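Report on one structure; see the data block that follows.
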Amino acid sequence: MPAILPKLAATRRWHHVAGAWLGIGTSPGALLLGAGLAARYGGPVPLISILLSALFMFILLWFQGSLGLARPLGEGANLNQITPRYFGVGTQRMVGAVIALGMVGWLGFNIGLGGASLGALLHLPDAAGALLLGLPIVALSLRGLHSWNRLASLTTLAVLALVGIIVSLLAARTMPVTLALPTPVGLVMDVAVFIGYISVFTVRAPDFTVGLPSRRDLLAVEGLLIIPILLIALAGVGLQQGTGSADLVGILAEPGGLAIGNLLVAISVIAPTFTALYSGAPALQAAFPMQERLAMLIITSIGLTLAVLRFDLKLLPWVTVLAAMLPPLVVPLAVESTRRRRGNPDRLIPLWVWAPGALFSMLLSLMHNPLAPLVGFLVTALATAGWYFFSRRRLVRAT
């Protein structure tokens with residue numbers, strides 16, 4: 001386990017892991033997500049899209065987060081401990097590789113956005129800002145970070161201040177949502193963006209619920225992630241409506257702009273960056289056995305390269321691809337964990353239950369098919385149903 005993992009307490013409660021959930025929930029990336037949606041609609045975002053996105057995020061986090069809860073509610077283990085109980089070696093490595101890929105992207109996004117903000121503030125090139133922000137984070141990660149919740153609190157305050165500035169000075173004085181109904185395809189696209197935004201964290205949710213004693217604790221930490229994401233995304237909608245742009249760094253750096261805003265952006269990406277490192281390194285170790293330090297160096301070197309190339313400007317396409325790859329994995333895990341809690345014998349989930357849906361969905365995403373995430377869920381659900389019923393028939397025959 002990475003050194004930045006908070007130590008398990010004898011009676012671990014939701015506030016012991018609140019930092020990681022807040023770090024994702026209050027990431028400034030949600031601002032850009034909302035601004036991107038507003039740009040797509042040319043104005044306010046349909047309320048039904050926001051509500052359905054909240055519901056689907058809650059469901060996915062609930063099932064996956066439940067795996068980490070203390071027994072008998074869950075497995076009482078983190079994802080690296082859980083996967084050998086549910087998957088064969090080949091599937092474990094593939095899951096680890098996909099999660100590591102996702103976390104490399106998020107690392108590049110966070111440092112790219114924060115580095116560009118720092119560069120704008122100090123009148124440096126974007127690449128210099130990314131290195132100036134990213135290298136100290138790498139150094140702290142390699143030495144071990146133990147004040148996770150304090151760091152998250154600091155960055156949360158930075159994001160709240162940033163959102164307050166945007167809403168009061170830059171956002172349009174209009175409603176960010178509309179009661180108008182989107183097209184069915186548009187609704188799927190909207191939900192997919194939010195699911196993709198939290199997809200990697202969703203799969204690794206047991207890392208941040210391990211040992212929690214009750215479902216109330218899980219409900220509390222879910223609220224710390226979902227509610228801020230929605231509110232900050234709506235602030236992003238207001239930003240786009242008020243300025244006509246989704247380029248947060250550029251808006252804040254304009255003549256007469258708000259220099260303090262770019263400072264807050266740079267501060268606010270620190271906690272999500274540590275979260276990406278924390279989840280990315282063990283995922284890479286699961287895919288390719290190696291020492292933790294080497295895994296972190298690989299993750300950070302690729303992530304810093306993406307940051308220098310301003311990967312943060314590709315947020316919506318990136319989260320759409322993530323929505324295609326990872327969330328379908330939750331379907332067979334939810335089915336099998338429910339079976340086990342009901343006293344049924346343990347079974348390993350075959351690779352063919354998850355991989356075809358994920359690969360087919362990812363291919364459709366790369367072809368810019370807006371229904372790709374929905375197809376991924378449907379294919380995986382059908383494969384899971386087939387696996388469940390055929391396995392049950394074989395068990396009946398054997399007895």
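Values quoted throughout were computed directly from the atomic coordinates according to the rules given, and no laboratory measurement underlies them. Since this is a predicted model, take the numbers as computed values, not measurements. With ideal geometry, Cβ positions are generated from the backbone for all residues, glycine too; neighbour counts draw on all protein chains shown.
Annotations for the structure displayed:
- 5 angstrom amide H check on Phe87, placed H, neighbours 5+ away: Ile349
- Among Met367, Asn344, Pro282 the positive-end extreme of the charge dipole of the range 264-399 (Cβ point charges): Asn344
- Average Cα contact separation per residue, the chain, under 8 Å, 6 or more apart, as relative contact order %: 33 percent
- Whole-number D in µm² s⁻¹ for the range 243-364, Kirkwood Cα-pair radius fed into Stokes-Einstein, 20 °C, 1.002 mPa s: 118 µm²/s
- Positive minus negative residues near Ala307 (Lys, Arg vs Asp, Glu; Cβ under 13 Å): 0
- For semi-axes √(5λ) of the Cα gyration tensor in Å, calculated from these coordinates, the label among [x] 34, 24, 19; [y] 37, 23, 19; [z] 33, 25, 24: [x]
- When you count the other C-beta atoms within 10 angstrom of each residue and take the mean per peptide, 179-185, 40-46 line up highest first as 40-46, 179-185.
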